[in-house]
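> Before I ask anything, let me first share the structure, which is written out below as structure tokens.
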Amino acid sequence: MEKRKKSRRRRLLFWLAIYIAVAATVICLLIYKPARYHPVVPPASADGNDPAAHPYLHRDLASTFYNNAQKQRPFEMVILDQSLNEAIARLKWPQQSEGVSLSAPEILFVPGRIVIMGTADVEKAKFVVTIELAPRMDDKGYLDLAVEKIKVGAMNVTPLAKMMGRKMYREQINTGAVDMENLGTKIVASLLNGEPFDPVVEAEDKWVRLKSLDIAPGRLTAQFVPAKPGR
């Protein structure tokens, strides 16, 4: 009888040790900070409520895009991740979404991919979330943003995140309150539901189409051509 009790205790201790080891491993994976994650720290004087706080967004990107679109000729834009990160760091952070506080964003351009990282604060527990996109144009000239990988810390949660994303997307569509022709909706549909879309952008009274993308270390090069309204 005594031997049976000792054997039972050993089995309980064994499985308890396994559970503790698994839990510890999961925690370590979740709180892992990627070595390449180095978000820009904005200066103390930065005003996150001022959209013109950094010229790269409104002058180098927005104004350049608008002025070229008005000319209705093919043009090229180059976006540098370092300058982009300096600009977005000056925006208002943290931001709240579904009870999660998001802060310290960073965008990296690596060969063929866009890497988006940020810190998520859930009940005072902080995790670095990484999303990797591999944008590509299909044979019709449609853009597929192609979410390749989603990680929390070092833990790959891509299948679960995609399943939840598709569920959220379907729920929004079923409400009937979503404008399917809105560019923002098309981008969300591509991210959450894997739906390519015609990358036509309106600039006041002119329209342009994204023709090609090239993503190299530190830079994204986009080629645009004139397009007809809504086409």
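The values are calculated or read from the model by the stated rules, or taken from the named source; none is laboratory data. Bear in mind that the values here come from a model prediction, so they are computed numbers and not experimental data. Methodologically, a virtual Cβ is constructed for each residue, glycine included, from the backbone with ideal geometry; neighbour enumeration extends over all protein chains shown.
> May I ask you to list pairs of residues, at least six apart or on different chains, whose Cβ atoms are under 6 Å apart, with the first in the range 62-86 being under 13 Å from Trp207 (Cβ atoms) and the second being modelled with pLDDT of 95 or more and surrounded by 17 or more Cβ atoms within 10 Å (Cβ to Cβ)?
Final answer for the pair search is Asn68/Phe75; Ala69/Val208.
> Please determine, by comparing only the residues of the range 15-45 that are in contact (Cβ under 8 Å) with a residue 12 or more places away in the chain and among the aliphatic types (A, V, I, L, M), which one is farthest from Ala104 (Cα to Cα).
Only one residue fits best here, namely Val26.
> Only residues that are more than 30 Å from Thr64 (Cβ to Cβ) and part of a loop (DSSP other than H, G, I, E, B): list them for the range 192-206, please.
Gly194
> Given the criterion of a type in the set (Lys, Arg), touching a Pro at 6+ places or on another chain (Cβ under 7 Å) and not in a loop (DSSP other than H, G, I, E, B), identify the matching residue among Arg166, Arg170, Arg209.
Arg209
> Restricting the search to the range 153-191, which residues are at pLDDT 85 or above and of a type in the set (A, V, I, L, M, F, W, C)?
Ala154, Met155, Val157, Leu160, Ala161, Met163, Met164, Ile187, Val188, Ala189, Leu191
> May I ask you to list the residues in the range 184-231 that are aliphatic (A, V, I, L, M), under 24 Å from Leu108 (Cβ atoms) and free of Cβ contacts under 8 Å to residues at least 60 places away in the same chain?
Ile187, Val188, Leu191, Leu192
> Do we have Ala189 as assigned to a loop (DSSP other than H, G, I, E, B) and among the hydrophobic types (A, V, I, L, M, F, W, C) here?
no
> Taking the range 118-152 as the region of interest, how many residues are closer than 19 Å to Lys33 by Cα and either assigned to a helix (DSSP H, G or I) or at pLDDT 90 or above (or both)?
Of the residues in that region, 15 qualify.
> For the range 69-117, which strands (runs of 3 or more DSSP E) that fit wholly inside it have 3 or more residues that are on the phi < 0 side of the Ramachandran plot and within 15 Å of the chain's Cα centre (by Cα)?
Because the criterion is at least 3 residues that are on the phi < 0 side of the Ramachandran plot and within 15 Å of the chain's Cα centre (by Cα), the strands (runs of 3 or more DSSP E) in the range 69-117 that meet it are 100-110.
> Let me ask something else about it. Of the conditions (1) surrounded by fewer than 18 Cβ atoms within 10 Å (Cβ to Cβ); (2) within 29 Å of Leu29 (Cβ to Cβ), Val129 fails just one. Which one is it?
In the conditions (1) surrounded by fewer than 18 Cβ atoms within 10 Å (Cβ to Cβ); (2) within 29 Å of Leu29 (Cβ to Cβ), Val129 misses (1) alone.
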